[in-house]
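One structure is given here, and the rest of the page talks about it.
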Protein chains: 4
Amino acid sequence: MSTLARLLIWCPDRKGIIAATTGFLADVGINVLEADQHTDPDDGTFCMRLEFDTEGMKLSRDELTARWGELAERFNMDWRIAWAARRKRIAILVSKQDHCLQDLLWRTSIGELGGEIACVISNHKDCAAAAAQHGLRYHTLPVTPDNKRQQEQHLLEVLADAKVDLIVLARYMQVLTEQVVAAYPGRIINIHHSFLPAFAGARPYHQAHERGVKLIGATAHYVTTELDEGPIIAQATVSVSHRDRVDDLVRKGRDLERTTLATAVRLHLADKVLVNQNRTVVFE
Amino acid sequence: MSTLARLLIWCPDRKGIIAATTGFLADVGINVLEADQHTDPDDGTFCMRLEFDTEGMKLSRDELTARWGELAERFNMDWRIAWAARRKRIAILVSKQDHCLQDLLWRTSIGELGGEIACVISNHKDCAAAAAQHGLRYHTLPVTPDNKRQQEQHLLEVLADAKVDLIVLARYMQVLTEQVVAAYPGRIINIHHSFLPAFAGARPYHQAHERGVKLIGATAHYVTTELDEGPIIAQATVSVSHRDRVDDLVRKGRDLERTTLATAVRLHLADKVLVNQNRTVVFE
Amino acid sequence: MSTLARLLIWCPDRKGIIAATTGFLADVGINVLEADQHTDPDDGTFCMRLEFDTEGMKLSRDELTARWGELAERFNMDWRIAWAARRKRIAILVSKQDHCLQDLLWRTSIGELGGEIACVISNHKDCAAAAAQHGLRYHTLPVTPDNKRQQEQHLLEVLADAKVDLIVLARYMQVLTEQVVAAYPGRIINIHHSFLPAFAGARPYHQAHERGVKLIGATAHYVTTELDEGPIIAQATVSVSHRDRVDDLVRKGRDLERTTLATAVRLHLADKVLVNQNRTVVFE
Amino acid sequence: MSTLARLLIWCPDRKGIIAATTGFLADVGINVLEADQHTDPDDGTFCMRLEFDTEGMKLSRDELTARWGELAERFNMDWRIAWAARRKRIAILVSKQDHCLQDLLWRTSIGELGGEIACVISNHKDCAAAAAQHGLRYHTLPVTPDNKRQQEQHLLEVLADAKVDLIVLARYMQVLTEQVVAAYPGRIINIHHSFLPAFAGARPYHQAHERGVKLIGATAHYVTTELDEGPIIAQATVSVSHRDRVDDLVRKGRDLERTTLATAVRLHLADKVLVNQNRTVVFE
């Protein structure tokens, strides 16, 4: 629905925020479809997500934004509005393994995720055919210790050219440096192939097999400058047994990884995720 | 917190309900702690749950109820207010198997569920000791085809004497007739030992074993006059294999049944469940 | 490993079967890699799966089969041997929805399933491109009430031409008649989009939404002449809530369906499934 | 069944072990009921569990053990035989929280676990009533930094007096020193309230809340001298959300802990767990 919009709010809690907000929306002719709210008991941060229809709105979008901004200032709010008519543009970064990429391509092709893929970027050529089958540009940016900084500069240019809103690391095996992470705060999602914080770092399935765990997991999280330490959006686990070799963990893990990553991407694209204190509020 | 209260609302959807409701609460000095809302896309029913603190409220409870009632009428709302200071009173009905009973007794003893158990009622004597260990009255009302109607009359008297708000059928193997069900609409919770609607009726684990399913389930639901057809509150499943005999299904099922029933009871006692069109809205 | 083989045995239980079987294999120079066994306590059927390496075998395959057949007769065994070097050939039948097909194609392309896809057959043209991308023949056999019997005859011819070992109904929305089912006993796997026996028949997600369940499921089973009544190989469930519309159930269900079907196909191709009394023994 | 026995074997793999073993059992008139086998592909350790009926056995137990020992020596086997008629004796160690204790007491009372509880031991008095209700001896051994070594000596005496086969740490908040661990190798099971190796050590639910995970877990493992590093027997996880405070994690965790611990204890008592290379083989 092209007249749909979402308002996300986070600010110090105080009396009357919901009343003031929903009163404002009612006054300007907006019908609230979904309201979800949470106050963090630890630090008193008020968080709210409103989904509404602007069909009967008496203001233009710009007027709404301006008038709302005044109210928001009074309550000391952080906030953002997302218009559903403006679909978010996604860059998928991938290395050699294609299971997460293929899954995101397929889900996008049937309209499941709600955004559009702007391009696919890789440090290898392996996944070029998959991108081509979906009519997508594929940028190969091979990374070596020597050219890493330079290639990240190229990466930033490609991302800027493609007007990207969200970066998805779909088993991209390079660590992004601070210059990229800082350019897209809260807008880079990574899938890590373990139940974080267990088995952070390299070769988590080997670590899991070595430790003899009875469950393996996957974790989708926002990327911060601390490796594998960003806010977690979604996690899942599946049973394994002594019969499962590392290869079996990898196989079972592929299913976990792709569904967990897709869940996180879908939630982000629907503006259902807020970050507060390195933890996410997920309005599901 | 003794000043905590919850307001549940359900009514035909229209613009401005949230604004009017939260505006009213703000006006009378109430601080909303949690707001959760849902509109059924099928029939347009608006459902909302508000949890708030009446600490700074400028009205008495009776005044609040009266003033709120006026507003609610304008919006054609069904609603109820629950004061946390008034703990709900529970009657547990049980037959011979004690796993759900023991579990509810233990959870109540550590304050996990949020209500208080008024009495235990059974058609058998088997569970009397369990009730006694928790200092609870145990009413034995043996049921035969001949005395069923009469015993249900006794049951209603016991329930009335104990001022019961909620009846929990914790593996009670008698079907309640309409006179009991009608007396406690939306206030009788049953645990059925299958994933309804599969294996409704008698001996579900035998049915499940016969069919060779790879998962078994449990279903907690409100009781209506249609056997096993009432609104579902909570369900869970667990894996089984060809190695599991009926006895193993029964064993695995016990864990499912007691946790699923406890979940449903906890949600009900926290006023987190609304019924609309034979389906539940669970504000979790 | 091309010298790998699997022996499946099912027969009335009696003393000494395992000793006789493993003794025979040791005598002819075969090293058992995996042994799994189960005796059905209900009807006394002994079931065993042995995976072994024929590297050092002193006999030819034909000699082994002949000599083993003599022993098997003494114990009144049903049995079959599968040589891993001979990869099973699969026909995938599909209608319009492609999620299970795409998933099976992708898994096969990375060698996850262990068989090879011989062809894709459909009553619609929608999935032709997906088959083409994997270089597979795509047979369109449109079905109307008038031509159904005739098209099934064509279907049987296509299957015979392609030397098919296993038929996978990957959301094929036609009911196969007895002539096809009887031609491939225990070799047709269907995915049903519900937790059978709940919501058998048409439009299970609509049924599930109407009933207000809190979990939805998927069931992979062998096809028999009784619709949705064949032996179950794998089942899975996922949580849903009042917020989920039928479209959301369909979306969540797609993930369940494709992974559950893939699990069943993988188990079948690894000769890990035996059928006894309309129930499966799954040697996992 | 009092004539039931179980044989566990672990040794370097070589040809003919299964044939020799099952041949031996058949020769002495034993009927194998269940056979399960696994060879560790990493280090080539052969592991087997056989459950059999000694009803028609031509030897005494001592003769069987002696004759079997000769064969086992030829194959360089480690092995043990457990006679079901001899029920294992359990000591439960607990501190203040009683949920795991209550659960084990209840499961034992209905015959679900298959062993018998010899005594309950605690460093606090809190759980004395629970033990008394089941007619069990309750030993209070308060531990301070000063008396720890001495109290462990008392503990060892109590365990020896009670002829204990298995020690279950049911949320016992003291770390056992090497003298106790060494006295009961592979016979001490602990429940840790996290998904190990995540959140080892103290206050795992606080750690989990701080990290913002979307799942919490529980881990039952054998105790070794490395804290929280012993072989894992069973693990489970459950979803949590931003709405869950530490108290909610604790509540949800209680259910995980008690069922995960009970699962591990049941498997151990049924002689279904072998330890190889700090990992368990669980014959389920």
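The values are calculated or read from the model by the stated rules, or taken from the named source; none is laboratory data. Because the structure is predicted, anything quoted here is derived from the model rather than measured. All Cβ positions, glycine included, derive from the backbone under ideal geometry; neighbour counts span all protein chains shown. The area values use the complete protein model at the heavy-atom level, side chains included, leaving out ligands, DNA and RNA. Shrake-Rupley method; radii C 1.70, N 1.55, O 1.52, S 1.80 Å.
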Checked A:262, A:202 against criteria (small (Gly, Ala, Ser) and open to solvent by less than 30 Å² (accessible area, probe 1.4 Å)); the one match is A:262
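From the list B:265, B:275, exactly one residue is more than 16 Å from residue B:115 (Cβ to Cβ) and among the β-branched types (Val, Ile, Thr). Which is it? I'd like the intermediate steps shown before the answer.
On the way: B:265 fails: more than 16 Å from residue B:115 (Cβ to Cβ).
Of B:265, B:275, the one residue that is more than 16 Å from residue B:115 (Cβ to Cβ) and among the β-branched types (Val, Ile, Thr) is B:275.
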When every residue in region B:144-177 that is within 13 Å of residue B:94 (Cβ to Cβ) and β-branched (Val, Ile, Thr) is compared, the one surrounded by the fewest Cβ atoms within 10 Å (Cβ to Cβ) is B:167
task = Might you let me know whether region C:89-97 holds any residue that is charged (D, E, K, R) and surrounded by 18 or more Cβ atoms within 10 Å (Cβ to Cβ)?
result = no
Taking region C:238-259 and keeping residues among the hydroxyl-bearing types (Ser, Thr, Tyr) and surrounded by fewer than 17 Cβ atoms within 10 Å (Cβ to Cβ) leaves C:239, C:241
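Considering region A:235-246 alone, what residues qualify as being in contact with a strand residue (DSSP E or B) (Cβ under 7 Å, 6 or more places away or on another chain) and either hydrophobic (A, V, I, L, M, F, W, C) or more than 10 Å from every other protein chain (Cβ to nearest Cβ) (or both)?
A:236, A:238, A:240
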### Query
Does region B:247-265 include one or more residues that are more than 24 Å from residue D:263 (Cβ to Cβ) and of a type in the set (D, E, K, R)?
no
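Of these, D:35, D:5, D:26, which one is buried (at least 18 other Cβ atoms within 10 Å of the Cβ), over 15 Å from residue D:78 (Cα atoms) and without any contact (Cβ under 8 Å) to a residue 12 or more places away in the chain? First the steps, then the outcome.
On the way: D:35 fails: without any contact (Cβ under 8 Å) to a residue 12 or more places away in the chain; D:5 fails: without any contact (Cβ under 8 Å) to a residue 12 or more places away in the chain.
One residue alone meets the criteria, D:26.
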Within region C:129-143, the residues that are within 24 Å of residue C:88 (Cβ to Cβ) and either hydrophobic (A, V, I, L, M, F, W, C) or assigned to a loop (DSSP other than H, G, I, E, B) (or both) are C:130, C:131, C:132, C:134, C:135, C:136, C:137, C:141
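When you go through D:51, D:34, D:70 one by one, which is the residue that is more than 14 Å from chain C (Cβ to nearest Cβ) and charged (D, E, K, R)?
Working: D:51 fails: more than 14 Å from chain C (Cβ to nearest Cβ); D:34 fails: more than 14 Å from chain C (Cβ to nearest Cβ).
D:70 is the lone residue from the list that is more than 14 Å from chain C (Cβ to nearest Cβ) and charged (D, E, K, R).
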Apart from one, (1) out of contact with any Asp or Glu (no Cβ under 8 Å at 6 or more places or on another chain); (2) in contact (Cβ under 8 Å) with a residue 40 or more places away in the chain all hold for residue A:218; the odd one out is (1)
Filtering region D:212-234 for residues that are more than 7 Å from chain A (Cβ to nearest Cβ) and surrounded by 15 or more Cβ atoms within 10 Å (Cβ to Cβ) leaves a count of 13
Boolean, residue B:43 is of a type outside the set (Phe, Trp, Tyr) and loosely packed, with under 15 Cβ neighbours inside 10 Å: yes
Within region B:9-31, of all residues that are more than 10 Å from chain A (Cβ to nearest Cβ) and in contact with a Phe, Trp or Tyr (Cβ under 6 Å, 6 or more places away or on another chain), the one farthest from residue A:56 (Cα to Cα) is B:9
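Does region B:247-284 hold any residues that are under 30 Å from residue C:48 (Cα atoms), touching a helix residue (DSSP H, G or I) at 6+ places or on another chain (Cβ under 7 Å) and at the interface with another protein chain (Cβ under 9 Å from one of its Cβ atoms), and which are they? First the steps, then the outcome.
Step one: filter region B:247-284 for residues under 30 Å from residue C:48 (Cα atoms), giving B:247-253.
With touching a helix residue (DSSP H, G or I) at 6+ places or on another chain (Cβ under 7 Å) added as a condition, the list becomes B:249-250, B:253.
Matches in region B:247-284: none.
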Test: residue in region B:189-211 that is within 9 Å of another protein chain (Cβ to nearest Cβ), small (Gly, Ala, Ser) and without any contact (Cβ under 8 Å) to a residue 24 or more places away in the chain
yes
Residue hits (region A:98-132; in contact (Cβ under 8 Å) with a residue 40 or more places away in the chain and either more than 14 Å from chain C (Cβ to nearest Cβ) or open to solvent by 70 Å² or more (accessible area, probe 1.4 Å) (or both)) are A:115, A:118, A:119, A:122, A:123
Within region C:37-48, the residues that are facing another protein chain (nearest Cβ under 10 Å) and of a type in the set (Val, Ile, Thr) are C:39
Within region C:73-118, the residues that are of a type in the set (Ser, Thr, Tyr) and farther than 21 Å from residue A:258 by Cα are C:95
When every residue in region D:10-22 that is surrounded by fewer than 21 Cβ atoms within 10 Å (Cβ to Cβ) and within 17 Å of residue C:18 (Cα to Cα) is compared, the one modelled with the highest pLDDT is D:20
